[in-house]
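Visitor: Could you have a look at this structure, given as structure tokens, before my questions?
The values are calculated or read from the model by the stated rules, or taken from the named source; none is laboratory data. All figures in this text were calculated on a predicted structure; none of them were measured in a lab. Don't worry about glycine lacking a Cβ; one is built from the backbone with ideal geometry, like all the others, and counts go over all protein chains shown.
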Amino acid sequence: MSPDGWVDECMTIGRIGMFNVIRANWKKWDLGKDGNLLNDLKNRGVDDTEALPNYHYRDDATLLWNTISKYVSTVINEFYGKP
């Protein structure tokens, strides 16, 4: 199945609907706010583990985010040094 067929088959809004959602939100998307997991969780009010326990997306994604961030920082500092 082609990627276009997969989107149309698996998403209720289909490929055209998906492109419309992207187009409608593209101009207001901000890398620092929306492209940063920790900021996104805070802005949506789902970052507090006591107020919202067992939110597995947040818990698992935060572990991955921190691991990737540590790895990338290590690689960058190794090649470019610290400022």
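Visitor: Restricting the search to segment 29-73, which residues are surrounded by 10 or more Cβ atoms within 10 Å (Cβ to Cβ) and among the polar types (S, T, N, Q)?
Guide: Matches in segment 29-73: 36, 39, 43, 49, 62, 66, 67, 69, 73.
Visitor: On the given criteria, is residue 41 closer than 25 Å to residue 63 by Cβ and touching a Lys or Arg at 6+ places or on another chain (Cβ under 8 Å)?
Guide: Criteria met by residue 41.
Visitor: Could you please give the count of residues in segment 1-19 that are at pLDDT 85 or above, touching a helix residue (DSSP H, G or I) at 6+ places or on another chain (Cβ under 7 Å) and not aliphatic (A, V, I, L, M)?
Guide: Counting residues in segment 1-19 that are at pLDDT 85 or above, touching a helix residue (DSSP H, G or I) at 6+ places or on another chain (Cβ under 7 Å) and not aliphatic (A, V, I, L, M) gives 2.
Visitor: Another question about this same structure. Residues that are small (Gly, Ala, Ser): find the helices (runs of 4 or more DSSP H) completely inside the chain holding 3 or more of those.
Guide: Of the helices (runs of 4 or more DSSP H) lying wholly inside the chain, those with at least 3 residues that are small (Gly, Ala, Ser) span 14-26, 56-80.
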